[in-house]
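The values are calculated or read from the model by the stated rules, or taken from the named source; none is laboratory data. What you are looking at is a predicted structure, and each value in this text was computed from that prediction instead of being measured. Ideal geometry is used to build each Cβ from the backbone, glycine not excepted, and the neighbour counts take in all protein chains shown. Remember, those area values only see protein heavy atoms, side chains included, never the ligands or the DNA or RNA. Shrake-Rupley method; radii C 1.70, N 1.55, O 1.52, S 1.80 Å.
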Amino acid sequence: MSSAESHEASTDVLVVIPTLNEAPNVVRLASRILETFDRVEILFVDDGSTDGTTSMIRSLSKLNNRIHTLCRNESDGLGAAYFAGFKWGIHRPKYRYFLQMDADFSHDPAVIPLLLASADRHNLVIGSRYCPDGGTQGWPWRRRVLSRAANFYVRALLRIPVRDATAGFRCWGRDLLIRILDKGPLCSGYGFQVEMAQRAVFAGASVKEVPILFVDRRLGKSKMSARVVWRGMRSILHLAVESRIRKSWGTVSAKAPSTDQHKTLLLALGGIGDTVLCFAMARQLRAMRPHDHLTALAMWPQSADLLKDLGVFDEVLQHNFQRESWWRSLTCVLRLRKRRFDTSVIAFPANRMEYNVVHWMIGARKRIGHDYLLGSSAAYFRWLLTLRVRQILGTHNVEENLKLLSGIEGSRERQPTDISLGPIEPSYRVYAERVAKRMDKPLIGIHAGSSNYKNLHAKRWPIERFAELCERILEEFDVQPVLFGSVQDREINSTIKRQCDDVRIVEAPTIRHTAALIQRCVAFVSNDSAPAHLASALSVPTVMLCGPTDPQEIGPRSRGSGAIFCATNCGPCYRVSKSPVNCLHPRAFHCMERIGVESALTSLRSVLPRFHVRNTGIGVGPNQVKVQQVDIQLRSMAH
C-alpha cells in the first residue's frame, strides 16, 4: 500500500471549522487539533475574511496534506458555511465522522477523542455545557442567562430532548448527516445548530451529550450581537410553527391523484428485508391496476427509499409508528383517512394488533390482509379486515404477498415473480466504484449482524465462525471479503476485524449506497437480514445462514443462491408472530452453532466462478449443493 493510500485509510474524521477574521487563532488551533488525534483532517471554511485568515489557511494546507480549505466569497451566515463544509466532506467517502467546532478555542481540541469515543455508539454526540459536569468559563452573567433562556425556549417550542441544542461542538455520523442534509436547506445563521438537532431527533437518531467546559474567546472578536440573537429566535419560532403544521410523515415522492382515480394504499410496516420481499407484489399490483393512484406507506426511511426507486408508486410516504409519539401517529393516520382510499393492502408479515388498528382507522372500503396461523382473532384484531388471506406454513414470503392480490379486481395475467431492486442512480454507482477500486480484487460481501428487535439477534452465526470464514476465503479464493453493516453492527465487525486483519469494513452512508456496493460483489454471505435480501434482489449469488427462521419462507430467491439450515428437532422455531424468538433448547440457539465454516465454504465454491478460486486443487461443484454433513442442508430457493 502506498503512503498516500495508507494516509487515506487512517484518516476518517473531518473537522469542519468556519472562519471569519480568525487570524490570531487558526495556526495554533490547527496545530493543537492535529497533535490531539491522528485520525483527524481539518477543513477550514472561510467566508471572505479581511484580516489575512484566508492566506494563512491556504498556506497551512500547502504545508500539511491533512489541512484543507474551502474559500467562499460571501458571508451569508454560520449555517451556510457549515452546510458547504459538510457537503464538501460528504463527497469524499473516506470520512466516517464529521466534527464541527469554533475557531476561537471556546471548544477545547483535547475533547475530540471523548466525542469520537461516544460516536462509535451514537449517531450524534454533542459537547454540552448543560449536562452534568458541563459548564462555561469567563462568561458575564448576561451571557449565561441568555444561553440558558435560549435553550429553554428551544425545548419549549420544539420539544426535543436535548439540553444544549445551541451547542456548536458536535460529532456527526456520516449516515445521519447525509439524511439530514438531503432534506434540503437549513437556517443560515445560528438557528442552524438548533435545526440540525431537531432533524436528528426527528430522524430517530441516537443522541448523546457529553460534558464540556466552554471557555469564552481570548483573541479575536465575537460575532454574537443582538441582531444575531433576534434572527436566531425568529428562526426557531419558524421551525416550531413548521413542525406543527407539516405532515407527520416524510413524503419521499408525490403525485396528486385525479378525482376519478381509484386510490390504493400499500402498507409496508415490516422490516427492510420484508419490504424487499413485497416488491413482486407491488409490481403485480401496478400491472393489475395500471390507472390507479398507488400510494405506499413505509415504516422505515430505508424502506421508503427502496419503494420509491421501484418506480411503481405515484407516492411514497414514511412514518415510524414504533418510534413516533402516539399523537403524531394519530395525526398521520387521520390525514391518510381524509384521502378516502378505495383499497388498502397490508404487506406480509404484519400480525400485530396495532397494525390492524392503523389499517382500519385509515378507512379504506376494502382492507386486505392475512389470517395468521399463530395468534387468536382477539390477539391481533383480524376481524378489522374486510378480506383475509390464509397463511400457509412453509410458503415463501414473496408468495404470501402475491396471495393478497386475489382480492383485487383487475388484470389476472400473472407477471414474472420479480423482486429485483429498481435502477440504481449513477451517483451511488460512482460511490461503489470508488470503494471497489480501493479493494483491488473482486468482493465477497459478508453481513454478520441482524436486527435486535424481538430477540432477532439470535439469527446471528457466531462471530468467531465469521472470522474463520474470512480467513478461509482469503486462503482459498482470489477475492476480498468485505464486512457490511451500520452503526449497530460496528462492534461485531470490529471483533471480526481483530481476528482477521485482512478483512475490510464498509459502512455505506445510505441504503442506496449499500445496494450499489452489494451489486459489485461476486457473492454474499449473511444471516437472515436485510442485506441478504438486498443481495438476492440484486441477483448476487447469496448464501444465507438460517437457524430459528425457516429458509423455505425467507430464503434468497436469486438463481444460484441458497440457505444453509441446521435440521434440529426443535427448529425452525421462529414463526411469524408478535412474540419474540424464544429458544427452548438446553443450549440456546444451538442450531446456529451447528452450522460449520466448511458448509459455508462449500456453498461459496458452488456459486463463485472458477476463475475466483485459487489453485488449491479444490474443484467447483454444481449450483445446487447438498452439504456433506449429517445435520446440515443447503435448501436452494432459486426458481
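Structure above, values below:
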| quantity | calculated |
| --- | --- |
| Rounded, prolate or oblate (a/c below 1.5 giving rounded, otherwise prolate when a/b exceeds b/c) for the stretch 1-145 by Cα gyration tensor | oblate |
| Accessible-area value, Trp383, 1.4 Å probe, nucleic acids and ligands omitted, Å² | 140 Å² |
| The stretch 286-342 - percent relative contact order, Cα under 8 Å, separation 6 or more | 29 percent |
| The stretch 259-330: chymotrypsin sites (Phe, Trp or Tyr not before Pro) falling in loop per DSSP and having at most 13 other Cβ within 10 Å | none |
| Mean separation of Cα contacts under 8 Å (6+ apart) over length of the stretch 13-102, as relative contact order % | 39 percent |
| Solvent accessible area, Å² - Ser55, 1.4 Å probe, full protein context | 70 Å² |
| Cα-Cα over 22 Å, subset of Lys94/Lys308; Lys208/Lys497; Lys87/Lys308; Lys263/Lys403; Lys308/Lys441; Lys94/Lys497 | Lys94/Lys308; Lys208/Lys497; Lys87/Lys308; Lys308/Lys441 |
| Prolate/oblate/rounded call for the stretch 301-381, Cα gyration tensor, a/c under 1.5 rounded | rounded |
| Protein accessible area in the stretch 40-188, 1.4 Å probe - carbon and sulfur % | 53 percent |
| Cα gyration tensor, the stretch 55-116 - rounded (a/c under 1.5), prolate or oblate | rounded |
| HN-Hα J in Hz across the stretch 106-119 - Karplus 6.51, -1.76, 1.60, θ = phi - 60°, x for Gly and Pro | 5, 9, 6, x, 5, 7, 3, x, 5, 5, 5, 4, 7, 5 |
